[in-house]
Amino acid sequence: MIAGLKPMEIVLILLVILLLFGAKKLPDMARSLGKSARILKSEAKQMKKEGSSSDSDADKRGDASQSTAKTIQAAPGDVATSRPVSEPADQAKQG
């Protein structure tokens, strides 16, 4: 079993979690956790892709592309939770 836990201990832990958070909040918490995992995964892919591109590509784009803010979205088409993000490299160049 998981880390030497017996099946009865796992059931007891699940019951305590259910009592602490309630049946209505558990699906919302799981949904939020899923959104966070998707955002983290997409940001990690984006950082990996940006890290593999050469600096000469950034020079070709010019200053116009650097002035636009990136937007992180929780899910495709989800504009309610999107927010603009400024990158540390942009702040160093502007300052």
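Structure data summary
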quantity: Pairs, first free of Cβ contacts under 8 Å to residues at least 40 places away in the same chain in the stretch 29-45, second open to solvent by less than 60 Å² (accessible area, probe 1.4 Å), C-beta under 8 Å, six or more apart; calculated: 38/74; 38/75; 39/72; 39/74; 43/72
quantity: 2 or more residues at pLDDT 75 or above: qualifying helices (runs of 4 or more DSSP H) within the stretch 2-95; calculated: 7-21, 25-52
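The values are calculated or read from the model by the stated rules, or taken from the named source; none is laboratory data. Predicted, not measured: the structure shown is a model, and the values here were computed from it. In this analysis, Cβ positions are derived from the backbone assuming ideal geometry, glycine residues included, and neighbour counts consider all displayed protein chains. The protein model used for the area step is the full one, side chains on, heavy atoms only, and it has no ligands, DNA or RNA in it. Shrake-Rupley method; radii C 1.70, N 1.55, O 1.52, S 1.80 Å.
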